[in-house]
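Each remark here refers to the structure printed beneath this line.
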Amino acid sequence: MAKILVTGGAGYIGSHTVLALLNKGHQVVVVDNLFNASYESLVRVQKLANKSLTFAEVDIRDKAALSQVFAQESVDAVIHFAGLKAVGESVQKPLAYYQNNVEGTLTLVEVMKQHQCYHLVFSSSATVYGEANQPPYIETQPLGNPTSPYGKTKAMVEQILMDVAASDQRFKITNLRYFNPIGADISGDIGEDPNGIPNNLMPFVAQVAVGKREKLAIFGDDYPTKDGTCLRDYIHVSDLAQGHVDALNWLFNQQEGCCEAFNLGTGDPLSVLDIVRGFEQYSEQKIAFEIAPRRSGDLPAFWADSDKARSQLQWTPVKTLQDMMVDTWRWQSKNPNGY
Ligand code: NAD
Ligand code: UD1
């Protein structure tokens, strides 16, 4: 078993991945500045796993503090979630996004090198395929040109990590391209807890169900899709978390230096209306909605070709639409105000 340092481990995907790592018997060191998370998520993770972890409240851009964590812990690999992720906000505050996501990663990789830690799993996004590529997105397609500064930071970091791996054969890196993570741990004790008005579909639907929002605005019903609403590849966050455990195993088995991209999606596109109806069916809650104008920057449809992750990482997503809906509702109804 290994010691894994998880940046951003108190956040939504991070907390589920930390739980999966502890359940596999790994030791975990979380580095998080708690900018978009609460330490309570990690209290609950430790309770669920019945194991403890080490926590450092550190900003990854603080090189001295980060270096001190690496000096104290003998880290075998890093999973790097820390960063900012709101697409709209990134248009308003591009510098904050380049600083956190790009500069933060540069600092992290420098410190890893200083401490001879060469295994890295990076949180990328399907957004790196940009508008140029046709779905299903496959890893052999070139990086696109994402429109938002957020998307650009993900494409830039992927390119930086490819250059790092090419320059030093000791580095073994995976760029995991997430599609649309939703759902929550089956316990309902950890989940997605957005600040303010949710930008993403699933937390918005869940907040309508629990009475925190009056109705959902569906952004456009005139797309060239089966019901006119956009198609996405929704992936249960616990399947996504398992993808990180599988990516780590794969990295530990590589003989040569590498930097490989993997799509983490189910490969099954669902429309916005599929999600609304699925949630109503499995949670037995009514979701009030109205059709609103299209949201700028939305693509009509994208989903993953996930064969590479399935065959090479031996990753098998097992959760169904019903699991995604039931688990979202369990988390939201047990924690109407989040953590
Ligand atoms: P999140 O905001 O819940 O988690 C990010 C965590 O990083 C938070 O706990 C935050 O406090 C921490 N953090 C931010 N900046 C930091 C810094 N400078 N130093 C230390 N900690 C910092 O987001 P999430 O949904 O769990 O996403 C995790 C990662 O996955 C992000 O990199 C995100 O861009 C990427 N991603 C997310 C999605 C999604 O739909 N949630 C999709 C694709 C990619
Ligand atoms: C968004 C980001 C993407 C990022 C991902 C995960 C944009 C354009 N893209 O993806 O870069 O990687 O989040 O953080 O923001 N919808 C509604 N009403 C709502 C919210 C969403 O109808 O209130 C629709 C959207 O138009 C879209 C679908 O639901 O068709 C999914 O939206 P969302 O959850 O925001 O994810 P993406 O837009 O796919």
(request) Based on alpha-carbon positions alone, could you give the equivalent ellipsoid semi-axes of the chain from the gyration tensor, as √(5λ), descending, whole Å? (result) 31, 23, 19
(request) Please name whichever of Gly8, Val164, Ala217 sits farthest to the positive end of the charge dipole of the chain, dipole taken about the Cα centre and charges placed at Cβ: Lys and Arg +1, Asp and Glu -1. (result) Gly8
(request) Any chance you could run the full-extension gain for Asp222 through Gln312? It's 0.36 nm times the residue separation minus the Cα-Cα distance, nm to one decimal. (result) 28.6 nm
(request) Leaving out ligands and nucleic acids, note down the accessible area per residue over region 239-296 with a 1.4 angstrom probe, in whole Å². (result) 47
(request) Mind giving me the nanometre distance, one decimal, between the label points for Gln322 and Ala2, set 7 Å out from Cα along Cα→Cβ? (result) 3.6
(request) For Ser38 and Ala64, calculate 0.36 nm times their separation in residues minus their Cα-Cα distance, and state this gained length in nm to one decimal. (result) 7.0 nm
(request) With just the Cα atoms of region 128-218, tell me how far they stretch along each of the three principal axes, in Å, largest first. (result) 53, 32, 24
(message) Tell me the carbon and sulfur percent of the accessible area for the chain, rounded to whole percent, probe radius 1.4 Å.
(response) 47
(request) Return the distance in nm (one decimal) between the two label points of a simple spin-label model at Thr140 and Ile291, each offset 7 Å from Cα along Cα→Cβ. (result) 3.9
(request) For an R0 of 25 angstrom, estimate the FRET efficiency from the Cβ-Cβ distance between Lys93 and Ala71 and round to the nearest 0.05. (result) 0.15
(request) Work out the charge dipole of the chain with +1 on the Cβ of Lys and Arg and -1 on the Cβ of Asp and Glu about the Cα centre, then indicate which of Leu270, Thr316, Leu106 is farthest towards its positive end. (result) Leu106
(message) In whole Hz and in residue order, list the ³J(HN,Hα) couplings for region 272-280 that follow from phi through the Karplus curve 6.51 cos²θ - 1.76 cosθ + 1.60, θ = phi - 60°; x for Gly and Pro.
(response) 4, 5, 4, 5, 4, 5, x, 5, 4
(message) If you take every residue apart from Ala10 with its C-beta less than 10 Å away from the C-beta of Ala10, what net charge results, scoring Lys and Arg +1 and Asp and Glu -1?
(response) -3
(request) List the lysines whose Cα lies under 16 Å from the Cα of Lys85, skipping any in the same chain that are fewer than 8 positions away. (result) Lys93, Lys152, Lys154
(request) Please quote Rg/Rh for region 141-194 to two decimal places, taking the Kirkwood radius as Rh and restricting both calculations to Cα atoms. (result) 1.12
(message) Quick check: convex hull of the Cα atoms in region 194-248, volume per residue, rounded to a whole Å³?
(response) 125
(request) Count the net charge of all other residues whose Cβ sits under 11 Å from the Cβ of Pro149, scoring Lys and Arg as +1 and Asp and Glu as -1. (result) +2
(message) What is the sum of charges, Lys and Arg at +1 and Asp and Glu at -1, for the other residues whose Cβ falls under 9 Å from the Cβ of Ser125?
(response) +3
(request) Compute the Kirkwood hydrodynamic radius of region 1-118, taking the inverse of the mean of 1/r over all pairs of distinct Cα atoms, and give it in Å to one decimal. (result) 14.4
(request) Over region 1-159, calculate the relative contact order: mean separation of alpha carbon pairs under 8 Å at least 6 apart, over the residue count, as a percent. (result) 22
(request) Using label points projected 7 Å from each Cα along Cα→Cβ, tell me how many nm separate Gln281 and Gln254, to one decimal. (result) 4.0
(message) Restricting to bridges with both residues inside the chain, how much of the DSSP beta-bridge set is antiparallel, in percent to the nearest 5?
(response) 5
(request) Can you grab the distance from the C-alpha centre of region 185-220 to the C-alpha centre of region 247-278, Å, no decimals? (result) 23
(message) Distance between the C-alpha centers of region 57-97 and region 157-179? Whole Å please.
(response) 16
(request) Only residues of region 266-296 count here: report those whose backbone N is under 14 Å from the spot 7 Å along Cα→Cβ of Glu214, or say none. (result) 288-291
(request) Per DSSP H run of at least 4 residues, take -39500 (n - 2.57); add these up for the chain, divide by its residues and hand me the 222 nm value, nearest 500 deg cm²/dmol. (result) -11500 deg cm²/dmol
(message) Using only Cα atoms and rounding to the nearest 10 degrees, what angle (0 to 90) does helix 237-253 make with the longest principal axis of the chain?
(response) 30
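The values are calculated or read from the model by the stated rules, or taken from the named source; none is laboratory data. As the structure is a computational prediction, the values presented were derived from the model and not from experiment. Using ideal geometry, Cβ is built from the backbone for each residue, glycine included, and neighbour counts are taken over all protein chains shown. Keep in mind that these areas ignore ligands, DNA and RNA; they rest on the heavy atoms of the full protein, side chains included. Shrake-Rupley method; radii C 1.70, N 1.55, O 1.52, S 1.80 Å.
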